[in-house]
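The values are calculated or read from the model by the stated rules, or taken from the named source; none is laboratory data. Since the structure is predicted, the reported quantities are computational estimates derived from the model, not experimental observations. No Cβ is skipped: glycine too gets one built from the backbone with ideal geometry, and neighbour counts run over all protein chains shown. Heads up: the accessible areas ignore ligands, DNA and RNA and are worked out on the full protein's heavy atoms, side chains in. Shrake-Rupley method; radii C 1.70, N 1.55, O 1.52, S 1.80 Å.
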Amino acid sequence: MKVLVVGSGGREHALCWAISPSPRCAELYCAPGNAGIAEVAECLDQDAEDLDGVVNLALDKGIDFVVVGPEGPLAAGLVDRLEKAGIKAFGPNAKAARLEGSKGFMKDLCAQYGIPTAEFARFDEPDAAKEYIHAKGPPLVVKADGLAAGKGVILCRTKNEAFAAIDHIMTEQAFGSAGAEVVIEEFLDGEEASFFALVDGVTALPLVSAQDHKAAYDGDTGPNTGGMGAYSPAPVVSEAMAGKIMDQAVKPVIAAMAAEGCPYKGVLYAGLMIADDQPKVLEFNVRFGDPECQPLMMRLKSDVLDALVACVDGTLEQVVLEWHDVVTLTVVMATKGYPGWYENGSKIRGLDEARALDDVAVFHAGTRAENGHIVAHGGRVLGVTARGATVTKARERAYQAVERIDWPEGFWRRDIGWRAIDR
Ligand code: AMP
Ligand code: GLY
């Protein structure tokens, strides 16, 4: 079949890399893609957020199956639009994508269906929010209700920080209408992990766990980013813990979504805080994590396309996935300045030397080809991914590959995987 992947990040490169060898994939396209994706798929110059454009393109190219990577087009209803046009599409429809698109919706659902999560309250009015902060006292977490490109969550250690967060989100409208409502949560301590499952509306098929590194700099310091590195599996998610996550979070939320009239299809990403052997849901995302998708795809032995199609067809019950018994680890290389201001266009050399190493794949997250060179085009630019028998071995190999990349304008963390290695 003809497959179109929508998006342009490391996640989409990893998906294209995994889909392209599938015997069921006759032609692979990506909209808009990047310079790395162009090696495994035909990239089409089409903005992922322009729904009309994507639907018309899919019709034009006679696409049979679309995989939507990022949350923006999912929340805006791209899957609904493609289905209406008679094209099969992987991912939740707009109603189901509210699980990520509205934190208030997700928290209410958890409360109603007994899914463990931080204690919370919702507000659409700053004075009432401040009264609650005054009554509860810090530490608290203030979250813009809507999508805010990963920036809408503010951890507040003092009352004044929490008041300032309310002003920033609600009064100054830093995230526009995404901040018309806020969720205020109790601050949870523990170890974070990500857990993924494929879902076909009814059946949930567990994938594997991963651990992200959200802070920009070593030692988990500096500003929050989209993720500076990840590895899979996360040792904190033992087999017993994975069972708890499935029974207490994944299966109940799938049942809840069906009961609410918006059955969930696609990949479900549970962001968890684990403490005292108990998982609590920090967030549900309606897409693969990025960079987490990169180590995940490298561990997967089975045909990913079969599994994605089964989610849409409602036949996930028949799918058995096999995984390589290895650890995979991604080091993100970003443009200096990210997550703040940075400049595009710097030249990257040594990519071929890096990927010539065994057990290494270099996924592109933000690159362009210009006059025969690969140049940076984005904050997060590369996801250098390696496999090894242990976290230590995967990490050594990933950093060997990083060392071969000649890019003075880039920076990266040197401690990806530290939690697993510290254990
Ligand atoms: P979210 O987008 O809701 O996952 O939040 C982004 C990040 O903020 C998470 O990955 C956590 O590191 C942190 N976070 C969110 N909610 C809480 C909470 N209730 N307690 C502690 N940290 C949190
Ligand atoms: N890496 C975190 C995310 O994809 O949301």
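Overview of values
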item: Sequence ranges 94-104, 338-348, 142-152, ranked by mean other-Cβ count within 10 angstrom, highest first; result: 94-104, 142-152, 338-348
item: Most fluctuating residue given options Gly243, Gly69, Gly201, as computed from a GNM of the chain linking Cα atoms under 10 Å; result: Gly243
item: Taking segment 290-423 and dividing mean pair separation by its residue count, relative contact order in percent (alpha carbons under 8 Å, at least six apart); result: 29
item: Full-stretch length increase - Ala111, Leu357 - with 0.36 nm per residue and alpha-carbon distance subtracted; result: 83.7 nm
item: Contour excess over end-to-end distance, with Cα ends at Glu49 and Ala275 and 0.36 nm allotted per residue; result: 77.6 nm
item: Separation of the Asp325 and Glu186 label points, Cα + 7 Å toward Cβ, nm; result: 4.1
item: Distance (nanometres) between label positions extended 7 Å along Cα→Cβ at Asp218 and Glu125; result: 5.1
item: Most positive-pole-ward Cα, Leu198, Asn371, Gly152, against dipole of the chain from beta carbon charges; result: Asn371
item: Sequence-separation-based contact order of the chain, relative, with Cα cut under 8 Å and 6+ spacing, percent; result: 16
item: Top positive-direction residue, dipole computed over the chain with Cβ charges, set Gly314, Ala389, Gly229; result: Ala389
item: For the chain, size of Cβ-based charge dipole, Lys and Arg +1, Asp and Glu -1, in debye; result: 440
item: Dipole moment magnitude, nearest 20 debye, segment 117-271 about Cα centre, only Lys, Arg, Asp, Glu C-beta charged; result: 220
item: Exposure of Met246 as accessible area (Å², to 10), given a probe of 1.4 Å and all protein chains; result: 20
item: Between segment 180-226 and segment 11-69, the alpha-carbon center distance in angstrom; result: 26
item: FRET E, pair Asp167, Arg414, Förster distance 45 Å, beta-carbon r, rounded to 0.05; result: 0.80
item: Sites Thr390 and Glu27 - FRET efficiency at Förster radius 41 Å, r taken between beta-carbons, to 0.05; result: 0.60
item: Electrostatic dipole magnitude of segment 21-101 [Cβ: Lys, Arg +1; Asp, Glu -1; Cα centre; debye, to 20]; result: 400
item: Virtual spin-label span in nm between Arg157 and Arg368, 7 Å along Cα→Cβ; result: 4.0
item: Charge context of Leu351, other residues only, Cβ under 12 angstrom, K/R +1, D/E -1; result: 0
item: The chain - percent of accessible surface contributed by carbon and sulfur, probe 1.4 Å; result: 47
item: Solvent exposure of the chain as accessible area per residue, Å², 1.4 Å probe; result: 41
item: Computed over segment 75-120: relative contact order in percent, which uses C-alpha pairs under 8 Å that are six or more apart; result: 28
item: Cα-based Rg of the chain normalised by 2.2 N^0.38 Å, two decimals; result: 0.94
item: Peptide ranges 111-123, 268-280 listed from the most packed, as the mean C-beta count within 10 angstrom indicates; result: 268-280, 111-123
